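Colleague: To start, I am sharing the structure in question, which I have written as structure tokens.
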Amino acid sequence: MVFSPSEDVVAREIEGEIIIVPLVAGIGDMDDELFTLNETGREVWQLLDGTRTLAQVAEELTGSFQAPEGKIEVDVLGLVTELARRKMVVAR
């Protein structure tokens, strides 16, 4: 399955972090309008282009981070699941 950012959010990089801002109601959490991704999350976000599978995203990240590919796959799946739950990414 491939994912890409929702058209209902805007993402900006500020000081190495990605800040995701919802453009419409119902995106994100009611308590927290902004969502921030750290450096690792930023790498994942940038690879969610609607053409790479989650396995391909994890494979690309394996070269950048010193962690087993299986651990990276679990982390990518966890982040994308949370972003999808918040409607910040959509399946293509």
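Colleague: Which loop GluC sites (Glu not before Pro) in the chain, with loop taken from DSSP, have no more than 12 other Cβ atoms within 10 angstrom of their Cβ?
Modeller: GLU7, GLU15, GLU33
Colleague: For the chain, take the longest principal axis of its alpha carbons; what is the angle in degrees between that and the long axis of helix 69-85, to the nearest 10 within 0 to 90?
Modeller: With rounding to tens, the tilt is 10 degrees.
Colleague: Binning at 5 Å from 0, report for the chain what percent of all alpha-carbon pair distances ends up in each bin.
Modeller: 3, 15, 26, 25, 19, 9, 3, 1
Colleague: How many nm separate the modelled label positions at ALA84 and VAL24, each set 7 Å beyond the Cα in the direction of the Cβ?
Modeller: 1.9
Colleague: First measure r as the distance between the Cβ atoms of ALA91 and ALA55, then evaluate 1/(1 + (r/R0)^6) with R0 = 22 Å and state the FRET efficiency to the nearest 0.05.
Modeller: 0.95
Colleague: Within the stretch 40-70, what residues put their amide N at less than 19 Å from the label point 7 Å along the Cα-to-Cβ vector of SER4?
Modeller: In the stretch 40-70, the label zone of SER4 (backbone N under 19 Å from the point 7 Å along Cα→Cβ) covers 43-58.
Colleague: Around ASP8, what is the net charge, scoring Lys/Arg as +1 and Asp/Glu as -1 over all other residues with Cβ under 12 Å from its Cβ?
Modeller: Once all neighbours under 12 Å are counted, the net charge is +1.
All of the numbers you see were taken from the coordinates with simple rules; none came from a lab. Small disclaimer: the values here were computed from a predicted structure and weren't measured. Ideal geometry is used to build each Cβ from the backbone, glycine not excepted, and the neighbour counts take in all protein chains shown.
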